[in-house]
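Taking it in order: structure first as structure tokens, then the write-up.
The values are calculated or read from the model by the stated rules, or taken from the named source; none is laboratory data. None of the values given here were measured: they were computed from a predicted structure. Because the Cβ atoms are built from the backbone with ideal geometry, glycine has one as well, and the counts that use them run over all protein chains shown. Surface areas here come from the heavy atoms of the whole protein model, side chains and all, with no ligands, DNA or RNA. Shrake-Rupley method; radii C 1.70, N 1.55, O 1.52, S 1.80 Å.
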Amino acid sequence: MASPGRNEPCPCGSGRNFKHCSLQAQDEEDSQRVRLRSAEGVLVPALFSYAAQDFGEECFDEA
Ligand SMILES: [Zn+2]
């Protein structure tokens with residue numbers, strides 16, 4: 001059983017090329033996972049600095 005080429009019809013029977021169907025779904029899933037992982041690395045420090053800014057402004061208003 002040969003694996004389908006990127007330009008062959010997708011084995012799922014949708015009639016679309018493999019690269020536009022299952023292969024694209026795999027790529028999308030992978031890129032979302034990578035984006036999520038890199039977002040965590042950026043978002044957490046960003047949240048801390050945002051919270052620090054927020055508290056700082058509140059203290060400034062009260063003073
Ligand atoms: Zn498919």
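Pairing each residue of the stretch 13-26 that is open to solvent by 60 Å² or more (accessible area, probe 1.4 Å) with any residue that is modelled with pLDDT under 90 and more than 9 Å from the ligand (Cβ to nearest atom), provided the two are 6+ apart or on different chains, yields C-beta distances under 7 Å for LYS19/ARG6. In the stretch 12-23, the condition of being part of a helix (DSSP H, G or I) and more than 9 Å from the ligand (Cβ to nearest atom) is met by at least one residue.
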